[in-house]
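Here the structure comes first, spelled out in structure tokens, and everything after it is commentary.
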Amino acid sequence: MQPILEVRNLTKVFHRGSLLARDRIVAVDSVSFAMQRGEVFTLAGESGCGKTTTARMILGFEQPTSGEIIYEKNQERWHPKIWFSQRIQAVFQNPFETFNPLRKVEGYLFETVRNYGLARSRAEAVELINAKLEAVGLNYGEVEGRYPSEFSGGQLQRISIARSLLVDPALLIADEPVSMVDASIRMSIVNLFRRLRDELNMGILYITHDLATAYYLGGQIAVMFRGNIMEMGPAQEVLINPRHPYTQLLRESIPEADPDRKWQGRISIAETEQEEYLRTGCKFAGRCPQVMDICKKQVPDLVDVEGVQVKCHLYAEQKSVREEVS
Amino acid sequence: MKPSDVVLRTENLKAHYVLDVPGGQKVVRAVDGVELQIRRNEIYGIAGESGCGKSTLMKTLYAWVNRPLRLVEGSVFYSKDGQEFDVYALNKQELRRLRWTFMAYVPQGAMSIFNPVIKIKETYRDFLSSHLRGKTVEEMFEMAKEHIEQLGLPVSILEAYPHQLSGGMRQRVAIALAALLRPSVIFADEPTTALDVVVQRGVVQLLKDIQERLHNTIILVTHDMGIHANVTDRLCIMYAGRIIEEAATVEIFKNPLHPYTQFLINSLPQFGDTGERVSAPGQPPSLANLPSGCAFHPRCPQAMPICRERRPEDTKLGEHRVACWLHAERGEAEYAANS
């Protein structure tokens, strides 16, 4: 099947510091993955792992330093903007920042209808908007004439999703969509993604640090750390049997809502992020409990272990994915 | 519970934000009748979603009430050296002497409390010199160093400027600073929010270390039920300015009684289970305009006629208490008899 989105060796380098002492920070380091329609693909990782930079490059907000982003039918990066935004829509982290507080929420919905010429009359527009709001569990009557301050974060996030549904996109990019939403209504948004995937056959690129919801959504997952994909494969396999020591640490660090399963053992934390970005060899070597000499010198290859790709020297005897391809 | 075990208790505590708005006053009932008893040598958790009043409760307990927040009713009693006193009856001097030596407060976003232009050790010196008399600068640095070492943090941070440390490290230094004078009660407001999962675990590890070392009381406010399951001994759930349920943490997770607590716990996704999770319907209420009766009734799938009319009082089932008509059969029967 033709992937709806494919990313090949995507790299983004940021420079920081003065002209004389410049640090080169590789925020995204040759990341490759592909996703299908009707599938949730999760990019997971902690802050500073490069997941949002990857999303920004896919959305065209940031120019990649190198690498390719291929949307369906091999359309290159220079696609017409209207084609792009009809196929790909985004939902962002903070629903309170998405909407102008002085403007009625319905204005955003009508503006999208007008921009894409989706309706010929106002009545038709209202009908379309109402249908999309119903898909997210609201209706036009609840939204009409109201300002953003009259809604809760969860409602605004759902309105934001309804707006992106107006153009019937094939791919929805959701950047930390539930991290600002209260725990008691968080699952209503995650369940909505499940429905969009199953009923509308949409592809959803779900960017999150919350591995529990990633597990719940299923599909594929790529765990990122300091710009690299450390482990990639089916979400339920990766999160139940993490193979990379970093995924294992991440998985163990999630506080489970079960007093019988408390954290065991102790962990160490990097003092600064910069030292990890500038590390040669495996970026995780400084904190890895199973570190070997080779890890500090040489970057490991992404290797295939029982259907899961792992970037770790512990699995070096397995066949490299790169060799397999060539 | 023996009375001598109690380090902090409240009686019908009410603290409201009173705001002047055109045409009158707007009253936000952030803390609306809270009864609490917190023991020595325990980690007590306060859970609830944003806007339920948990941070305001924390400030009120710490006697940090500034306008527009007002203490409307009730009192907060601490017990120190076998004597109980009302914290709102103290004058400013007495209150100042208690702060940091008897009770300490780690506010939300504590990682940004440091002065950015001085080294961490200078912050320690400032802190010590304003609370201890008759120490030389060297003695103070020595104390700071020893304290940092005991808590397992790297001593090199004392020579660093705040911006050189990661957010998680700054947060831990802020918590370590609060524990420096060995207070009997430490309040920590959302200490793990906005931190990465691995760093969260480091912060929780530090809080546990402090509690084990000092055998004191830590009161932990967070909306993250996973953190509560991991560290707290007892837990209360707050909704719309009131405590709706309180029990030992294990009991809350095993046997939640209030429908809201049930939603809160059952909606959490668990590894190894992809079954449908449902969150509570509707939205949390505005504290300026609370629903009648039980504040949860508009969202409650088990709401009864009485829930709309009368607010449920606490029902005590041993150490477990819950404010819900479903568990107050006696109250319901009385209501039916009178109407």
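Readers should treat all values here as calculations from the given coordinates under stated rules, not as data from a laboratory. Computed from a predicted model, the values in this text were never measured in an experiment. With ideal geometry, Cβ positions are generated from the backbone for all residues, glycine too; neighbour counts draw on all protein chains shown.
Data for the structure
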{"quantity": "Lys/Arg +1, Asp/Glu -1 at C-beta; the range A:69-177 dipole; positive extreme among A:Leu156, A:Leu118, A:Gln89", "calculated": "A:Leu118"}
{"quantity": "Cα convex hull volume per residue for the range A:150-262 (Å³)", "calculated": "126"}
{"quantity": "Separation between Cα centres of the range A:82-101 and the range B:192-214, rounded to whole Å", "calculated": "36"}
{"quantity": "Calculated FRET value between B:Asn289 and A:Lys296, using beta carbons and R₀ = 60 Å, to 0.05", "calculated": "0.50"}
{"quantity": "Per-residue average of Cβ from other chains inside 10 Å of B:226-236", "calculated": "3"}
{"quantity": "Computed lengthening from A:Gln248 to A:Phe84, 0.36 nm per intervening residue step minus Cα-Cα distance", "calculated": "55.3 nm"}
{"quantity": "Set A:Lys262/B:Lys121; B:Lys92/B:Lys316; B:Lys135/B:Lys208; B:Lys59/B:Lys254 screened for pairs whose C-alpha atoms are more than 32 Å apart", "calculated": "A:Lys262/B:Lys121; B:Lys92/B:Lys316"}
{"quantity": "Kirkwood estimate for the range A:5-256, i.e. one over the average of 1/r between Cα atoms, Å", "calculated": "19.2"}
{"quantity": "Cut-off 13 Å (backbone N to label point 7 Å along Cα→Cβ of B:Val278), residues of the range A:188-215", "calculated": "A:188"}
{"quantity": "Proximal aspartates and glutamates relative to B:Lys26, as straight alpha-carbon distance under 19 Å, when same-chain residues fewer than 8 apart are discounted", "calculated": "A:Glu150, B:Glu73"}
{"quantity": "Mean Cβ neighbour count within 10 Å, used as a protection proxy, ranking A:159-167, B:316-324, B:295-303 highest first", "calculated": "A:159-167, B:295-303, B:316-324"}
{"quantity": "Gap separating the Cα centres of the range A:180-206 and the range B:224-301, nearest whole Å", "calculated": "21"}
{"quantity": "The range A:114-189: proportion of alpha-carbon pairs further apart than 21 angstrom, %", "calculated": "30"}
{"quantity": "Point-charge dipole on Cβ atoms (K/R +1, D/E -1) for chain B, about Cα centre, debye to 20", "calculated": "680"}
{"quantity": "Lys, Arg +1 and Asp, Glu -1 on Cβ, resulting dipole of the range A:5-256 about Cα centre, debye, nearest 20", "calculated": "640"}
{"quantity": "The protein assembly as shown: C-alpha gyration tensor shape, a/c 1.5 cut-off, then a/b vs b/c", "calculated": "oblate"}
{"quantity": "12 Å beta-carbon shell around B:Val72, net charge (K/R +1, D/E -1)", "calculated": "+1"}
{"quantity": "The protein assembly as shown - share of DSSP beta bridges that are antiparallel (%, nearest 5)", "calculated": "65"}
{"quantity": "Residues of type lysines that B:Lys119 reaches as a straight line, Cα spacing below 18 Å, ignoring anything fewer than 8 places off in the same chain", "calculated": "B:Lys145"}
{"quantity": "Cα-centred dipole magnitude for the range A:21-131, charges only on beta-carbon of K, R (+1) and D, E (-1), debye, nearest 20", "calculated": "320"}
{"quantity": "The range A:128-175, relative contact order in percent, only Cα pairs under 8 angstrom and at least six apart counted", "calculated": "46"}
{"quantity": "Exercise: per-residue mean of other protein chain Cβ atoms within 10 Å, B:272-284", "calculated": "5"}
{"quantity": "15 Å beta-carbon shell around B:Ala30, net charge (K/R +1, D/E -1)", "calculated": "+4"}
{"quantity": "Sequence-separation-based contact order of chain A, relative, with Cα cut under 8 Å and 6+ spacing, percent", "calculated": "19"}
{"quantity": "Mean residue ellipticity (222 nm) of chain B, computed from DSSP H runs ≥ 4 via -39,500 (n - 2.57), nearest 500", "calculated": "-9000 deg cm²/dmol"}
{"quantity": "Peptide B:190-198 - average C-beta neighbours from other chains (10 Å radius)", "calculated": "4"}
{"quantity": "Relative contact order, percent, chain B [alpha-carbon distance under 8 Å, six or more residues apart]", "calculated": "19"}
{"quantity": "Under-24-angstrom lysine pairs by C-alpha in the range A:5-256, whenever the two are 8 or more apart or on separate chains", "calculated": "6"}
